[in-house]
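Trainee: To start, I am sharing the structure in question, which I have written as structure tokens.
The values are calculated or read from the model by the stated rules, or taken from the named source; none is laboratory data. Quick caveat: nothing in here was measured; it's all calculated off a predicted structure. Glycine also receives a Cβ, built like all others from the backbone with ideal geometry; neighbour counts cover every protein chain displayed. Note: areas computed on protein heavy atoms with side chains; ligands, DNA, RNA excluded. Shrake-Rupley method; radii C 1.70, N 1.55, O 1.52, S 1.80 Å.
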Amino acid sequence: MSHMLIIGGSLAGGTAAEALRDEGFEGDITVVAAEAHPPYQRPPLSKGYLAGDEGLDAVILHPTEWYDEHDIRLLTGVAVTSLEPAAHAVELDDGERVTYDAVLLATGATPRMVPLPGHDLAGVMTLRCLDDSDELAAQLREGGKRLVVIGAGWIGMEVAATARGFGNEVAILERDAVPLAMALGAEMGEVFRSLHLEHGVDLRTSVGVDRIVGDGRAEGVVVDGETLPADLVLVGVGAAPNSALAEEAGLDILGGILTDAALRTSAPGVYAAGDVANAYHPVLQQHLRSEHWANALNGGKVVAKSMLGQPASFDEIPYFYTDQYDLGMELSGYAPLMTDAEIVVRGDLDAREFIAFWVDDGRIVAGMNVNVWDVNDKVQDLIRSGVRIDPDRLRDSDAPLEDLLP
């Protein structure tokens, strides 16, 4: 193995490059990033970086000189136009042909844009990349703007909270009855609904967006016949995996690039990690695609070992966190098992200081700590144990979490 190629300037891609060197690989490494920036992580883009509380150093994994120091060839602002698994080669948009021994597809995902009349007006945005966050910050930090967010998902809710902190008017439009219900269920979704209402957000659920209106630039959003004035419209209705390169190369695709637990795709020498990968999870015994930070971070480390031929299995418990106003939350667990699980709450739900457990047949399949800290490792231990636990013991805040394990 003399040349490792990484396609994508993502957290998964950057972490994999670093992990290859940490694992002792001394051959050539090339990282190809379509954006003009070195690999970076995305959570701060809707949180601390957007708010101005964190600088660029909290976003960029390593400065450009780090790649030189570790003998890694970093190409930024360059796209891969074709992948040829049989030839172990790719073509770049500048005409260069690059061969490899192993290649990682860490191409991430692209925000979905709702096909509404007016979606192409100036001032209608999505948030995915660093440049998007910079543009949003320039629009929102002075305050006094009217922001309409289409979609009450994590990105939309986080940006709404940040925008309110700058003194902007914010409306959130959601087609479902409860925000975040798809991720958390109705009971926990109500926690976030009340949070935003208390902070002056015009949060409307069970509504349909008709169109975006304006003369060259967005000036309003028509929702169920009513026009809400807007200086800026953010569309946050999910993202689609960037799997076109893999699909054109003949790789197996199903809601993302299919991989095994070692993050190997259907083509020899081709791997996938991060948002684009629909990886087989050995605990769930099914494929699972996750767009969260921990998936990219941990997947990058695992795939580096796999590319080097070392035993590797991506069996981490999915993890996510959010910060909105004065609420901080960590969530660990298996989303496919949460839908029909019972929710058991420990702590004060009204004060928003609690841990919620999703319990299926007596076993904890997920846990969310809200404004309760230094417990996530213990929550993950409970999930990983698979033991049946009496719900009354779970509710008892006086019973230490570690004592719940046998």
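This table checks each residue for (1) crowded, with 18+ Cβ neighbours inside 10 Å; (2) acidic (Asp, Glu); (3) over 21 Å from the mean Cα position of the chain (by Cα).
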| position | (1), (2), (3) |
| --- | --- |
| Phe192 | yes, no, no |
| Asp202 | no, yes, yes |
| Ser206 | no, no, yes |
| Val209 | yes, no, yes |
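Trainee: Could you identify the single residue in Leu61, Leu20, Leu74 that is over 28 Å from Leu136 (Cβ atoms) and in contact with a helix residue (DSSP H, G or I) (Cβ under 6 Å, 6 or more places away or on another chain)?
Mentor: Leu20
Trainee: Moving on. From the set of residues in the range 82-98 that are within 22 Å of Phe25 (Cβ to Cβ) and not in a strand (DSSP E or B), which is most open to solvent (accessible area, probe 1.4 Å)?
Mentor: His88
Trainee: Scan the range 232-250 and give yes if some residue there is of a type in the set (Ser, Thr, Tyr) and free of Cβ contacts under 8 Å to residues at least 40 places away in the same chain, otherwise no.
Mentor: no
Trainee: For the range 13-45, name all the residues that are open to solvent by 20 Å² or more (accessible area, probe 1.4 Å) and aliphatic (A, V, I, L, M).
Mentor: Selection gives Ala34, Ala36.
Trainee: Does Arg352 meet the test of being open to solvent by 40 Å² or more (accessible area, probe 1.4 Å) and charged (D, E, K, R)?
Mentor: Answer is no for this residue.
Trainee: Oh, and also: Scan the range 115-138 and tell me whether some residue there is in contact with a His (Cβ under 8 Å, 6 or more places away or on another chain), farther than 30 Å from Pro268 by Cα and modelled with pLDDT under 95.
Mentor: Among the residues of the range 115-138, not one is in contact with a His (Cβ under 8 Å, 6 or more places away or on another chain), farther than 30 Å from Pro268 by Cα and modelled with pLDDT under 95, which makes the answer no.
Trainee: Just wondering, is there one or more residues in the range 277-293 that are out of contact with any strand residue (DSSP E or B) (no Cβ under 7 Å at 6 or more places or on another chain), open to solvent by less than 30 Å² (accessible area, probe 1.4 Å) and farther than 14 Å from Leu104 by Cβ?
Mentor: Within the range 277-293, one or more residues are out of contact with any strand residue (DSSP E or B) (no Cβ under 7 Å at 6 or more places or on another chain), open to solvent by less than 30 Å² (accessible area, probe 1.4 Å) and farther than 14 Å from Leu104 by Cβ.
Trainee: Which of the residues that make up the range 307-355 are more than 23 Å from Val365 (Cβ to Cβ) and aromatic (Phe, Trp, Tyr)?
Mentor: Residue satisfying the conditions is Tyr325 alone.
Trainee: From the list Glu330, Glu342, pick out the single residue that is acidic (Asp, Glu), in contact with a strand residue (DSSP E or B) (Cβ under 6 Å, 6 or more places away or on another chain) and either at pLDDT below 95 or surrounded by fewer than 18 Cβ atoms within 10 Å (Cβ to Cβ) (or both).
Mentor: Exactly one of Glu330, Glu342 is acidic (Asp, Glu), in contact with a strand residue (DSSP E or B) (Cβ under 6 Å, 6 or more places away or on another chain) and either at pLDDT below 95 or surrounded by fewer than 18 Cβ atoms within 10 Å (Cβ to Cβ) (or both), namely Glu342.
Trainee: Out of (1) modelled with pLDDT under 95; (2) open to solvent by 20 Å² or more (accessible area, probe 1.4 Å), what's the single condition that is false for Ser10?
Mentor: Here Ser10 clears every test but (2).
Per-residue answers, yes or no, for (1) of a type outside the set (Gly, Ala, Ser); (2) surrounded by fewer than 20 Cβ atoms within 10 Å (Cβ to Cβ):
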{"site": "Ala218", "(1), (2)": "no, no"}
{"site": "Val221", "(1), (2)": "yes, no"}
{"site": "Thr227", "(1), (2)": "yes, yes"}
{"site": "Thr265", "(1), (2)": "yes, no"}
{"site": "Pro268", "(1), (2)": "yes, yes"}
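Trainee: Quick one: which of Glu84, Glu54, Glu65 is closer than 17 Å to Cys129 by Cβ, more than 18 Å from the chain's Cα centre (by Cα) and of a type in the set (Asp, Glu)?
Mentor: Among Glu84, Glu54, Glu65, only Glu54 is closer than 17 Å to Cys129 by Cβ, more than 18 Å from the chain's Cα centre (by Cα) and of a type in the set (Asp, Glu).
Trainee: For the range 301-324, give me each residue that is surrounded by fewer than 16 Cβ atoms within 10 Å (Cβ to Cβ) and not polar (S, T, N, Q).
Mentor: Those that are surrounded by fewer than 16 Cβ atoms within 10 Å (Cβ to Cβ) and not polar (S, T, N, Q): Gly309, Pro311, Asp315.
Trainee: Also, quick follow-up: Of the residues in the range 367-406, how many are surrounded by 12 or more Cβ atoms within 10 Å (Cβ to Cβ), of a type in the set (D, E, K, R) and under 17 Å from Tyr319 (Cα atoms)?
Mentor: Adding up the residues that qualify gives 3.
Trainee: Output the residue which, of all residues in the range 164-185 that are closer than 18 Å to Val237 by Cα and part of a helix (DSSP H, G or I), is most open to solvent (accessible area, probe 1.4 Å).
Mentor: Met182
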